Amino acid sequence: MKPTNVGNPEYFHKVVDCQFACPAHTPVPEYIRLIAAGRYTDAYMINWESNVFPGILGRTCDRPCEPACRRGRVEDKPVAICRLKRVCADNKDAIKDRLPKIPKEKNGHRLALVGAGPSSLTVARDLMPLGYEIDLYEANGKAGGFMRTQIPSFRLPEKVIDEETGYILDMGVNSFFNTRVESLKALLDQGYDAVFIGSGAPSGRNLKLPGYEVDDGENIRVGVEWLADVAFGHATECPKDVIVLGGGNTAMDCCRTALRLGAKNVKILIRTPIDAMMASEWEVEDTQAEGIPILENHNPQEYVIRDGKLVGMQFEIIEYSIDADGREVFTPTGRNEVVDCELVLLAIGQANAFPWIEKETGVEFNDTGLAVVDPVTHQSTNPKVFFGGDAAFGPRNIITAVAQGHQAALSLDMMFNGQDLHVRPNPGTNLLSQKMGIHDWSYASMVTEEERHAVPHVDLDEAIHSHTMEVELGFDAATALEEAQRCLNCDVETVFSESKCIECDACIDICPVDCLTFTENSDEAKLRKNLNVPAHNLSQDLFISHDLPTGRVMVKDEDVCLHCGLCAERCPTSAWDMQKFLYVAPKAGQQS
Amino acid sequence: MSYAIPGFRHPNLPKNELGYTAKDYEGRVSTLCAGCGHDSISAAIREACFGMSIPPHRVAKLSGIGCSSKTPTYFLGNSHGFNSVHGRMPAVATGGNMANRNLLYIGVSGDGDTASIGMGQFVHAVRRNVNMVYICENNGVYGLTKGQDSATTDVGSVSKKGEPNALEPIDLCAIALQLGATFVANSFSGDKSQLVPIIQAAIAHKGFAFINVISPCVTFNNVPGSTKAYDYIRQHMASTNTVDFVPAEEEITTDYAPGTSEVVTMHDGSAIHLQKMDEKLDIHSRRSALALMQEYKAEDKVLTGLLFVDPDSQEIHETMNTTATPLRNLTEKELCPGSEQLQKINDQLR
């Protein structure tokens, strides 16, 4: 294998599994160390720079960082990254004086943002400090989009949304609430220099089976629309028997909300087995903890109507399998079952709808109903129109919407600076030795064996009576400190200098997880087999040094490195050093 | 400075026949200087014992005084240990071995502990052929007292102090050979592929197995001009043979070109497979080993590898015809047979 080029920032970036997995590349270990140090406000600001909504995401993020966390490969469970983020939001001081200054004199470019969800707000957050003039259009009465309308208050209190959307609106965004944009053409005709569309994926999919026409959407509701009704106080109660169709996170939110509005008997019915559900494991756990049964392998057939009223739903029991091409196959068993209900909530997916974007605007659509959008620049086929969030590539999650907002803002700023949108700027990086003394590091190198802490909940009996009482209490400071110390500091990289190595074996002998080997160089498959412990996890890279005096190379399997620094501590010549790697994803205004 | 290492190990760590992983053969974290050759030797002992599936509780580690003699703390943390008076490890090992012949005795010493203060003890352990592994971690310097030349420092070798050594060195391998040691090897801490099988062969050997391991002192004796520095050894090292240790149960699978390899079968059925690097060495002849060592020394080369082995050696218990039961297990019943027996013995002598 060729020697590893650690000069390429992506090599060390990939070692920081959590940051690499985060769509917005939040420097996770950096803020976790600050939480451990009790510097909550500093930790909050690092988050705010990267992901804009730390308080919201600390409660609701899909947390792609956690399955990626190295701790999960070393022991059972990853660091509770998401809930640590909430700790810094809960405990921070006032941050207004730390927010970027907004120039009084504008740069002359006027932008329209459609929808006040996370992606649009991110565009505003990134571009307001650069002097853009921004008009924000939102059909609802308040900002937040999906975050406000679709996530129940018992998971995400309204005041958190108000606070974090407020930081952006207060930058001087011209907000037009209760204003639905009915025509893109009309908007463009107002003379905006560019339009960003972050209107989300507003409509949930309906399911018009026999019987639907009698009810006509009265007690057969699209889940996300019903959740929005609840959020805005239009729906305040719920019948006794409710069924929810669908196995995603929205389904989980629907049934837990129904329970809080007075339903006695809530069931989730899904076409697949439970282990093939879309919902996040933890959301399924929380749902089941509230006593909601999940009935698997139920394929809906028709709505049962008696005396013009919905009284149940008929299902066919099916067998689920995956065929050779990896496609799902549903085989009918011939058995049918009727489940009684007075309300059906449909959470079977979302569809985009852009009836307001006219053909003559030049925005082209593909056959899935989505606009043709460049995945890097977020530009549509009309160079003045950009897309982000669920409106761009279909429903994802908040953190993805934020990441896309950053990219779109960068593209917009590059466009107005006459730059090629496809030549993206490099990330900001910094690599700094953590050596404090002969055997002393400026980070807590010792690895605790503490197990993952569960977030405390309010009493269930109490919680169930209110749909606005937050169920999770968040970590207290002491628990947060213990949880923060579980972080392995993967951003403190092991940096090797061939010229200093005397091949004394000290690092090999001390490494607790046997990730270092001196060996003859060969091709990757062979090398992976020849290591002290073979490296079977192909998703993790091998570091290969240049040739050493004995003709061998130093190979490091990044897979389960604890970043404990012992290799560097036992190295007599400092050929190994522990150096903190800071990776800052490029943002608007930072390109040269 | 870390005085403990994290508790986590690689999730795919292999297990040996006893179901143990390498973790079960670890000791405490070394407090020796970073990069000390001794730590590599500790690692080699761990690896050798793990590989041979030796039950850690059946091992006794013995040492004297010095950097080398601290190291038993850093391997086999679940074994017995005795850190004795300076240079007196061989006496303690001999006594222990007399009392309980069923344990595996691993003695660890240094050039000071063996070639200076302990010389009188060392030579007698050799000639008695005590059944033990004796490892001398030889760095040619008194590290613990700040770097004076030792009795094994070569003439002209320069340590960190800068003064060339004027006195003739003691060659411990040569002395062991002359005094009748039944297993003699010379090795280097920086070459585990050679050291580990040599330690395994020494463990399998019945009788006194001596391994001199050149182990650079990074703090006082790893400078240009020293003949026991990492660079010097790597440049001047020559091997008699490559060594493969094959446990009794395993089949020899490696193919060697005929005429260049040799299999030495040990008393327990295990085998040492040697791939000869120098045709002249007869592994069963002391004279051959001594001659070859002189020859390489004259060429400024350090001869390593297995130098001599007598697989049929008679260890001290056999020579003394002691009982197969460890002496410590004998009770009053066996040791005091009663006045009737005493009368019989006395009668024989009248």
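The values are calculated or read from the model by the stated rules, or taken from the named source; none is laboratory data. Quick caveat, the model's predicted, so the values are computed rather than measured. Heads up, the Cβs are rebuilt from the backbone with ideal geometry, glycines too, and the neighbour counts pull from every protein chain shown.
Tabulated values for the structure
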read-out	value
Yes/no for A:Ala139 being surrounded by 15 or more Cβ atoms within 10 Å (Cβ to Cβ), among the aliphatic types (A, V, I, L, M) and touching a Pro at 6+ places or on another chain (Cβ under 9 Å)	yes
Residue in region A:568-588 that is of a type in the set (Lys, Arg), more than 11 Å from chain B (Cβ to nearest Cβ) and either touching a Ser or Thr at 6+ places or on another chain (Cβ under 7 Å) or in a loop (DSSP other than H, G, I, E, B) (or both) present	yes
Extreme residue, surrounded by the most Cβ atoms within 10 Å (Cβ to Cβ), among residues of region A:385-441 that are among the acidic types (Asp, Glu) and closer than 26 Å to A:Phe53 by Cβ	A:Asp390
Helices (runs of 4 or more DSSP H) lying entirely in region B:21-113 (those with 2 or more residues that are polar (S, T, N, Q) and either within 14 Å of chain A (Cβ to nearest Cβ) or within 26 Å of B:Pro216 (Cα to Cα) (or both))	B:37-51, B:67-70
Selected residue (criterion: nearest to the chain's Cα centre (by Cα)) from residues of region B:87-106 that are within 17 Å of B:Ser68 (Cα to Cα) and of a type in the set (A, V, I, L, M, F, W, C)	B:Ile106
Test: residue in region A:533-541 that is in contact with a strand residue (DSSP E or B) (Cβ under 8 Å, 6 or more places away or on another chain), without any contact (Cβ under 8 Å) to a residue 40 or more places away in the chain and either farther than 27 Å from A:Gln19 by Cα or facing chain B (nearest Cβ under 8 Å) (or both)	yes
Of the criteria (1) farther than 27 Å from B:Ile316 by Cα; (2) polar (S, T, N, Q); (3) in contact with a strand residue (DSSP E or B) (Cβ under 8 Å, 6 or more places away or on another chain), which one B:Thr21 fails	(3)
Sole exception among (1) out of contact with any helix residue (DSSP H, G or I) (no Cβ under 8 Å at 6 or more places or on another chain); (2) farther than 18 Å from B:Leu303 by Cα; (3) touching a residue at least 24 places away in the same chain (Cβ under 8 Å); (4) among the charged types (D, E, K, R) for B:Arg128, by number	(1)
Test: residue in region A:371-384 that is basic (Lys, Arg) and surrounded by fewer than 17 Cβ atoms within 10 Å (Cβ to Cβ)	no
Residues satisfying the stated conditions in region A:457-473, i.e. part of a helix (DSSP H, G or I) and buried (at least 18 other Cβ atoms within 10 Å of the Cβ)	A:Ala463
Close pairs (8 angstrom Cβ cut-off, 6 or more residues apart or separate chains): at positive phi and not assigned by TED's automatic domain parsing to the domain that holds A:Thr400 in region A:201-226, surrounded by 13 or more Cβ atoms within 10 Å (Cβ to Cβ) and of a type in the set (S, T, N, Q) anywhere	A:Gly217/A:Asn206
In region B:36-68, the residues that are small (Gly, Ala, Ser) and out of contact with any His (no Cβ under 8 Å at 6 or more places or on another chain)	B:Gly37, B:Ser40, B:Ser42, B:Ala43, B:Ala44, B:Ala48, B:Gly51, B:Ser53, B:Ser63
Candidates A:Ala535, A:Ala575 - the one that is crowded, with 23+ Cβ neighbours inside 10 Å and in contact with a Leu (Cβ under 8 Å, 6 or more places away or on another chain)	A:Ala535
Strands (runs of 3 or more DSSP E) contained entirely in region A:103-205, each with at least 1 residues that are of a type in the set (Ser, Thr, Tyr)	A:133-137, A:174-176
Residue in region B:165-183 that is touching a residue at least 60 places away in the same chain (Cβ under 8 Å), closer than 21 Å to A:Cys507 by Cα and buried (at least 24 other Cβ atoms within 10 Å of the Cβ) present	no
Residue match in region B:214-233 (condition: over 22 Å from B:Ser109 (Cα atoms), in contact with a helix residue (DSSP H, G or I) (Cβ under 9 Å, 6 or more places away or on another chain) and part of a loop (DSSP other than H, G, I, E, B))	yes
Matching entry among A:Leu473, A:Leu481, A:Leu460 (being modelled with pLDDT of 95 or more and of a type in the set (A, V, I, L, M))	A:Leu481
Residue ID - surrounded by the fewest Cβ atoms within 10 Å (Cβ to Cβ), chosen from residues in region A:323-369 that are over 30 Å from A:Ala194 (Cβ atoms) and touching a helix residue (DSSP H, G or I) at 6+ places or on another chain (Cβ under 7 Å)	A:Leu346
Any hit, region B:1-11, residues being in contact with a strand residue (DSSP E or B) (Cβ under 8 Å, 6 or more places away or on another chain), within 14 Å of chain A (Cβ to nearest Cβ), in a loop (DSSP other than H, G, I, E, B) and surrounded by fewer than 19 Cβ atoms within 10 Å (Cβ to Cβ)	yes
Region A:291-304: number of residues that are buried (at least 17 other Cβ atoms within 10 Å of the Cβ) and either of a type in the set (Val, Ile, Thr) or over 25 Å from A:Pro210 (Cβ atoms) (or both)	3
Selection count where residues are surrounded by fewer than 22 Cβ atoms within 10 Å (Cβ to Cβ) and among the small types (Gly, Ala, Ser), scope region B:206-250	4
Boolean, A:Arg256 is closer than 17 Å to A:Ile348 by Cα and not aliphatic (A, V, I, L, M)	yes
Criterion (surrounded by fewer than 15 Cβ atoms within 10 Å (Cβ to Cβ), more than 20 Å from the chain's Cα centre (by Cα) and small (Gly, Ala, Ser)) met by exactly one of A:Gly217, A:Gly211, A:Gly246, A:Gly204	A:Gly217
Residue within region A:501-514 that is touching a residue at least 40 places away in the same chain (Cβ under 8 Å), out of contact with any Asp or Glu (no Cβ under 8 Å at 6 or more places or on another chain), away from every other protein chain (no Cβ under 14 Å) and farther than 30 Å from A:Glu290 by Cα present	no
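Residue-wise test of (1) of a type in the set (S, T, N, Q); (2) over 30 Å from the mean Cα position of the chain (by Cα); (3) within 14 Å of chain B (Cβ to nearest Cβ).
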position: A:Met415; (1), (2), (3): no, no, no
position: A:Lys435; (1), (2), (3): no, yes, yes
position: A:Leu460; (1), (2), (3): no, no, no
position: A:Leu488; (1), (2), (3): no, no, yes
position: A:Glu498; (1), (2), (3): no, yes, no
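Rundown of residues vs (1) over 30 Å from A:Tyr31 (Cβ atoms); (2) in a loop (DSSP other than H, G, I, E, B), yes/no style:
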| residue | (1), (2) |
| --- | --- |
| A:Val455 | no, yes |
| A:Phe475 | no, yes |
| A:Glu483 | no, no |
| A:Pro512 | no, yes |
| A:Phe518 | yes, no |
| A:Thr550 | yes, yes |
